[in-house]
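In what follows, a structure is listed as structure tokens, so that the remarks can point back to it.
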Amino acid sequence: MSGLIVLAIYVGIFVAAFFIITRIASRTTRDYTSLKTVTFGDESAVRPNRAAGIISILTIFLLWGMFTGSSLLPSFLHAPGPFIGETSFDYTAEANGQSDTATVTVIVHPREENPTLDEPTGGDGFAKNDIISVAQWRSKLVPWDKNDDISKSDGSQVTAINGQSVNPGDTVNVTGGSVTISDKGTPNFKPYNGWQMEPLYLPAPETVVDRTIKLASEGFRGTSLYGHLGWSLFRVVAGFLLGAIVGIPLGYAMGLSNWFRGWFDPIVEFMRPVPPLALIPLVIIWAGIGEVGKIILLFLAALWIMAIAARAGVSGVNISKVHAAYSLGASKWQIMRYVIIPNSLPEIFTGARVAMGVCWGTVVAAELVAAEKGAGMMIMVASKFQNTDIVLLGIILIGIIGFGIDMLMRMAEKYLVPWKGRG
Amino acid sequence: MSELSIDNISMRFDLPNGGVVQALKNVSIDLKSGELLSILGPSGCGKTTLLNIVAGFLAPTGGVMTLNGHQIKGPDAERGMVFQQGALFEWMSVRENVGFGPSMKKMPKAEKKQTVDHLLNVVGLGDFKEKAVYELSGGMQQRVALARCLANDPDVILMDEPLGALDALTREKMQSLVLKLWKETGKTIILITHSVEEALLLGERLIVMAPRPGRIHKEYNLPFAELGVDADLREVKKHPDFGPKREEILSMIWDMEEEIMGRTEESA
Ligand SMILES: Nc1ncnc2c1ncn2[C@@H]1O[C@H](COP(=O)(O)OP(=O)(O)OP(=O)(O)O)[C@@H](O)[C@H]1O
Ligand SMILES: [Mg+2]
């Protein structure tokens, strides 16, 4: 239900922002691309709209704040929140032909609080007033007859809520929630939940930020936050480097020698479609859950990708470049050094970017399965203790680091192989 | 003494489907030092195959080639090659490309710099030494390729449609440049082209090849290259013999093309 509302708001912002921004922008920008009349179908004329990107991210945070009642947003933007505080409803009991009405006072409190309740007073007939407390998002059966003069076992029965007569299974809306009569005739009070997400499922952004600051200073499970992320990164870099050190020469050999090609092709082609995640159990059996096992796993994840990239780099060399180099007097070794290696660098960089991405995904998955340190272990353990804020911050940090790795690789690529795609 | 001798070269390709292509049959050419030979022929008559054999990239199935008395067995710096396009090293600057051959033979730095600077000035790229090759236009890239080949000081220069990818104007300028370089350096040059005019202008000798099997059909000795060294090429084209020769060769090639088309239609 509230999922549909979220979707509706999201689509609404998307459409509204589109019309507003394009109206403003079409008046201001005047460059070559804006003069193109054919843009639909011309992929080169499609550039990410910067405003759309910013609004897109803000919208996600806006929705997150709205539906968690974030204190970062003014409260008029909040989706209707859950009821909190004191409310009451009346019940009418009938026993032995007589009927009496009493009031149930309900105190709805945040989940982590546990209020002390006053003794109920009052109630002039055989039904006596009650006071109960219930946590937000939860519900509670009202022990209405506990202090009544005639209890349920003596024949008393709830027949009306707030004057509205009820049978088992009926629900009556009352201030701050609803009362449902259970099959056994006991009223069950459920406070109004509103449209917001329960913090257990989705904590507010500021909770995640606070938790991040707290983790950054205190650490998690005996290791600092940087320690966890650093261990994951270290495993990725170590596994990737080993994979590249073995995989690149292997790929070159496969691209240059019939024997190597024949020998390793079946292995590489077989291992290529095996997802590294499928190797986790085997690696754990063979090497245990320690660092060695993880680095072997990441080594295997990077190895095939790098070997295939290097092989593609060799086979991608324009034969007339090789011929030209031979005609200019180059030896085999010089061809390797001055033609094949530089010509394959763009492919190798592309492979390295893919391999780093795969390694980063694989390390998190491996840590989810078994680890004492690492980003994956952090979110796994946090989820067991329902620390959703840590799970969220873990996911966000994993995403940011993965993105950062890719950006760094792209920058290195731009700097080191400026000739990419210009041959 | 004839420098380059191509003696009775044959080349057959065995196709994977069991078929056989006789790309060249009994081709013999003798080239004296400093001669400029252009080769013309319909598409598929084996021109590239012949040049690749002379360059040493392919071993012929029959015949021998010798250069200055020794047999050609593989690629070597004595035979330079200029390709149609895409053979420059885009990871090197213009200067490094031209200096590639000298670097391979470990020429001293100062000498190499002098050679490279001189050749880049000759081809008119003195101001583009530090540019990346992919920043140059197609015509400039071919000038780099020429300079790179010359920097190695080969005995023979082999060119496979070196100007084929250029526009008409650039092409004409480059034709003058080729003639100028030929005269200045005195190199033996074999040049393959699709253009009859280019073959006439850039060939002291002109060989027309015929297809299936690839063979020498007719050979000419021409005055135009010698004339074009000093004169404007457009003037050379006004020479009274130029037009008739062009028409003669054009209709010769046209007939061959028609024969091929007819044959393929029959077999189809
Ligand atoms: N590696 C090969 N395997 C099989 N056949 C080949 C091979 N290389 C060339 N051929 C055949 O040999 C013949 C001559 O080819 P070649 O490339 O030398 O022709 P060309 O005269 O250079 O043509 P173009 O003017 O189009 O460049 C063609 O029929 C071609 O199909
Ligand atoms: Mg009671």
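The values are calculated or read from the model by the stated rules, or taken from the named source; none is laboratory data. What you see is a predicted model, and the numbers here were worked out from it, not measured in a lab. Cβ sites come from the backbone with ideal geometry, for glycine too, and all protein chains shown count toward neighbours. We work out accessible area using only protein heavy atoms, side chains counted, and drop any ligands, DNA or RNA first. Shrake-Rupley method; radii C 1.70, N 1.55, O 1.52, S 1.80 Å.
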> For region A:207-416, what is the accessible area per residue in Å², given a 1.4 Å probe and the full set of protein chains?
Replying inline: 49
>> What are the ³J(HN,Hα) couplings of region B:223-236, residue after residue, when phi is run through the Karplus curve with 6.51, -1.76, 1.60 and θ = phi - 60°? Round to Hz, x for glycine and proline.
In response: x, 5, 4, 4, 5, x, 4, 9, 9, 5, 5, 5, 5, 4
>> Test of understanding: express the Cα radius of gyration of region A:207-416 as a ratio to 2.2 N^0.38 Å, with N the residue count.
In response: 1.21
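Can you list the GluC sites (Glu not before Pro) in region B:15-107 that are in a DSSP coil and have 10 or fewer other beta carbons within 10 angstrom?
Taking region B:15-107 and a limit of 10 other Cβ atoms within 10 Å, no loop GluC sites (Glu not before Pro) are found.
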> Which order, highest average first, do A:83-89, B:4-10 follow once you tally other Cβ atoms within 10 Å for each residue and take the mean per peptide?
Replying inline: B:4-10, A:83-89
> Among bridges DSSP assigns within the protein assembly as shown, what percent are antiparallel (round to 5)?
Replying inline: 70
> Using a Gaussian network model of chain B with C-alpha springs under 10 Å, which one of B:Asp155, B:Asp14, B:Asp117 is most mobile by mean-square fluctuation?
Replying inline: B:Asp14
> If you keep only loop residues by DSSP, which trypsin sites (Lys or Arg not before Pro) in region A:207-254 have at most 12 other Cβ atoms within 10 Å of their Cβ?
Replying inline: A:Arg221
> From the Cα gyration tensor of region A:1-159, with a ≥ b ≥ c the square roots of its eigenvalues, which class applies: rounded if a/c is under 1.5, or else prolate if a/b is larger than b/c, or else oblate?
Replying inline: prolate
>> Under the √(5λ) rule applied to the eigenvalues of the Cα gyration tensor, what semi-axes describe the equivalent ellipsoid of region A:85-191? Give them in Å, descending.
In response: 22, 16, 11
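Mean separation of Cα pairs under 8 Å and 6+ residues apart, divided by the residue count of chain B: what relative contact order is that in percent? Don't jump to the answer; show the numbers that get you there.
Working: 481 pairs, mean separation 65.0, N = 268.
The normalised contact order for chain B reaches 24 percent.
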> With the other protein chains left in place, how much accessible area per residue, in square angstrom, belongs to chain B at a 1.4 angstrom probe?
Replying inline: 45
> Which residue fluctuates the most in chain A, going by a Gaussian network model with Cα springs under 10 Å, if the choices are A:Thr388, A:Thr207, A:Thr39?
Replying inline: A:Thr39
>> Quick check: at a probe of 1.4 Å, how many percent of the accessible area of chain A sits on carbon and sulfur atoms?
In response: 64
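Please check chain B for the longest run free of trypsin sites (Lys or Arg not before Pro) that are loop-located per DSSP (anything but H, G, I, E, B) and have at most 10 other Cβ atoms within 10 Å.
Details: sites that count: B:Lys73, B:Lys106, B:Lys238.
Longest run free of exposed loop sites: B:107-237.
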>> Binning at 20 angstrom from zero up to the longest distance, how are the C-alpha pair distances of the protein assembly as shown distributed in percent?
In response: 13, 28, 25, 17, 10, 7, 1
> Tell me, what ³J(HN,Hα) does each residue in region A:102-112 have, in order and in whole Hz, if you take phi through Karplus 6.51 cos²θ - 1.76 cosθ + 1.60 with θ = phi - 60° and put x for Gly and Pro?
Replying inline: 9, 10, 9, 8, 10, 10, 8, 10, x, 4, 7
> What residues in region A:295-334 lose 30 Å² or more of accessible surface when the other protein chains are added to their chain alone (1.4 Å probe)?
Replying inline: A:Ser320, A:Lys321, A:His323, A:Ala324, A:Tyr326, A:Ser327, A:Leu328, A:Gln334
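Hey, any idea what % of region B:88-153's accessible area is carbon plus sulfur with a 1.4 Å probe?
Whole-percent figure for carbon plus sulfur exposure: 49.
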> If you take the beta carbon distance between A:Trp259 and A:Ile60 as r and set R0 to 45 Å, what does 1/(1 + (r/R0)^6) give as a FRET efficiency, to the nearest 0.05?
Replying inline: 0.25
> If you take the square roots of the eigenvalues of the alpha-carbon gyration tensor of region B:1-129 and sort them as a ≥ b ≥ c, do you get rounded (a/c under 1.5), prolate (a/b over b/c) or oblate?
Replying inline: prolate
> region B:86-120: which residues show an accessible-area loss of 30 Å² or more, assembly versus chain alone, 1.4 Å probe?
Replying inline: B:Gly86, B:Phe89, B:Glu90, B:Trp91, B:Phe100, B:Met104
> Quick one: Karplus J couplings for region B:146-160, per residue in order, coefficients 6.51, -1.76, 1.60, θ = phi - 60°, nearest Hz, x for Gly and Pro?
Replying inline: 4, 4, 4, 5, 5, 4, 7, 6, x, 6, 10, 10, 10, 10, 9
> Do any residues of region B:54-71 lose at least 30 Å² of accessible area when the full set of protein chains is present rather than just their chain alone, and if so which, with a 1.4 Å probe?
Replying inline: B:Phe57
> Sequence-distant or interchain residues sharing an amide H contact under 5 Å with A:Ser182, placed H: which?
Replying inline: A:Gly169, A:Asn188
> Taking the Cα centre of each part, how many Å lie between region B:231-261 and region A:140-201?
Replying inline: 105
> In whole angstrom, how far apart do the alpha carbon centroids of region B:117-148 and region A:112-135 sit?
Replying inline: 94
>> If every alpha-carbon in region A:2-77 counts as one equal scatterer, what log10 I(q)/I(0) does Debye give at q = 0.12, 0.23 1/Å?
In response: -0.48, -1.11
> Mind checking the mean number of beta-carbon atoms from other chains within 10 Å of the Cβ atoms in A:413-421?
Replying inline: 2
> Quick one: Cα centre-to-centre distance for region B:175-205 and region B:1-79, in angstrom?
Replying inline: 19
>> For chain B, what does the convex hull of the Cα positions come to per residue, in cubic angstrom?
In response: 146
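To check you understand DSSP bridge types, tell me what percent of the beta bridges within chain B (both residues inside) are antiparallel, rounded to 5. Mind dumping the intermediate values first?
Values: 23 of 40 bridges.
The antiparallel fraction comes to roughly 60 percent.
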>> Taking a ≥ b ≥ c as the square roots of the Cα gyration tensor eigenvalues, with a/c under 1.5 meaning rounded and otherwise prolate when a/b beats b/c, else oblate, which class fits region A:219-287?
In response: prolate
> Which cross-chain or sequence-distant (5 or more) residues have an amide H under 5 Å from the amide H of B:Gly63, H modelled 1.01 Å from N in plane?
Replying inline: B:Ser10
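Do the alpha carbons of any pairs in B:Lys187/B:Lys237; A:Lys332/B:Lys183; A:Lys332/B:Lys25 sit beyond 27 Å of each other, and which pairs? Don't jump to the answer; show the numbers that get you there.
Values: B:Lys187/B:Lys237 24 Å; A:Lys332/B:Lys183 34 Å; A:Lys332/B:Lys25 32 Å.
Long pairs (Cα-Cα over 27 Å): A:Lys332/B:Lys183; A:Lys332/B:Lys25.
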> Which loop-located GluC sites (Glu not before Pro) does region B:98-162 contain, where loop means any DSSP state but H, G, I, E or B and the Cβ has at most 14 other Cβ atoms within 10 Å?
Replying inline: B:Glu130
> Among the helices of chain A (complete DSSP H runs), which have Cα atoms covering no less than 20 Å along the helix axis and a Kyte-Doolittle mean of at least 0.5?
Replying inline: A:2-28, A:50-66, A:225-256, A:291-315, A:341-369, A:388-416
>> Using a Gaussian network model on chain A with a 10 Å cutoff between Cα atoms, which of A:Trp333, A:Trp144, A:Trp231 fluctuates the most?
In response: A:Trp333
>> If each DSSP helix of 4+ residues adds -39,500 (n - 2.57) and the sum is divided by the residues in the protein assembly as shown, what number results at 222 nm, nearest 500 deg cm²/dmol?
In response: -15500 deg cm²/dmol
